[in-house]
1. Do you know which residues across the range 123-151 are part of a strand (DSSP E or B) and touching a helix residue (DSSP H, G or I) at 6+ places or on another chain (Cβ under 7 Å)?
2. In the range 112-135, what count of residues is obtained for those that are out of contact with any Pro (no Cβ under 9 Å at 6 or more places or on another chain) and closer than 13 Å to P49 by Cβ?
3. In the range 169-203, which residues are surrounded by 15 or more Cβ atoms within 10 Å (Cβ to Cβ), part of a loop (DSSP other than H, G, I, E, B) and over 16 Å from the mean Cα position of the chain (by Cα)?
4. Considering only residues that are surrounded by fewer than 17 Cβ atoms within 10 Å (Cβ to Cβ) and in a strand (DSSP E or B), which ones fall in the range 64-73?
5. Looking at the range 74-102, which of its residues are surrounded by 18 or more Cβ atoms within 10 Å (Cβ to Cβ), over 15 Å from V139 (Cα atoms) and among the aliphatic types (A, V, I, L, M)?
6. Which one of the conditions (1) at pLDDT 85 or above; (2) touching a helix residue (DSSP H, G or I) at 6+ places or on another chain (Cβ under 8 Å); (3) more than 27 Å from A72 (Cβ to Cβ) does A164 fail to meet, given that it meets all the rest?
7. Quickly run through the range 38-63 and pick out the residues that are in contact with a Gly (Cβ under 8 Å, 6 or more places away or on another chain) and part of a loop (DSSP other than H, G, I, E, B).
8. If you go through the range 204-211 one residue at a time, do you hit one that is modelled with pLDDT of 90 or more, hydrophobic (A, V, I, L, M, F, W, C), in a loop (DSSP other than H, G, I, E, B) and exposed (fewer than 14 other Cβ atoms within 10 Å of the Cβ)?
Amino acid sequence: MISLTRSPSGVRAADSRAISTASRVTGPAPAFPTDIPAPLINEEGLVEPDKGTFSLEPFLHADGKLITWADAKRSVRLEPDGLAIPTTQWKLPGFTLETTAFATGHGADAVLFVRYRVRNAGRNALRARLFVALRPYQVNPPWQAWQGLGGLSAIKEITWTHGAVRVNRDRWVVPLSKPAAFGAAAFEQGVISDHLAQGRVPGQTTCAMIWASPPERCVLI
């Protein structure tokens, strides 16, 4: 759980998510007052911790392959009795991945929790790795842009420190279970899914934007 890690065709589909797939969003509307956090989650399992921020995107690595939302049959649901706790599910042969988002607290003291749960539905042991990437995309794609929201969201600096990730010096992502590894990379170091397809993370633990031509941006897994 985190508090605020396929085939080539599937990987490319996931990398171009922000410009190639529609979102079905569950969460507070962007029209809410600016001092109220408004996280979003879509049917692909992408979670935006607050309005206009980066997003958390899950990946699985199993049987030597990188698995993305594009490989799975996807569904969404709320908790019983309509409780506003959304869960998205990836259904794959022999196992599932569920992403659940819920919050506690009020106003500036609110904390978002994201739970990832892999279930083995088969008879044989499942050996899989879960990767959660911090990516410079909002949940809403560019064609749903409204009042400055939607599309890209720059990650200027990202650092692993004191068992948590600090993003742009003002937001924290805190794993409640210690991850096996952490890594960050600039865009010029390759598409993040290329690292994940090899079952590993990049070697850096800190990355900052350097204004060059074109600008570098950092992504985290």
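1. Answer for the range 123-151, where residues must be part of a strand (DSSP E or B) and touching a helix residue (DSSP H, G or I) at 6+ places or on another chain (Cβ under 7 Å): F131, A133, Y137.
2. Number satisfying all stated conditions: 3.
3. A197, P202
4. Selection gives K65, K73.
5. Passing the criteria: only L97.
6. (2)
7. Matches in the range 38-63: A38, P39, G52.
8. Scanning the range 204-211, I find no residue that is modelled with pLDDT of 90 or more, hydrophobic (A, V, I, L, M, F, W, C), in a loop (DSSP other than H, G, I, E, B) and exposed (fewer than 14 other Cβ atoms within 10 Å of the Cβ), so the answer is no.
The values are calculated or read from the model by the stated rules, or taken from the named source; none is laboratory data. Treat the numbers as computed from the prediction; the structure is a model and nothing was measured. Note: ideal-geometry Cβ built from the backbone for every residue, glycine included; neighbour counts use all protein chains shown.
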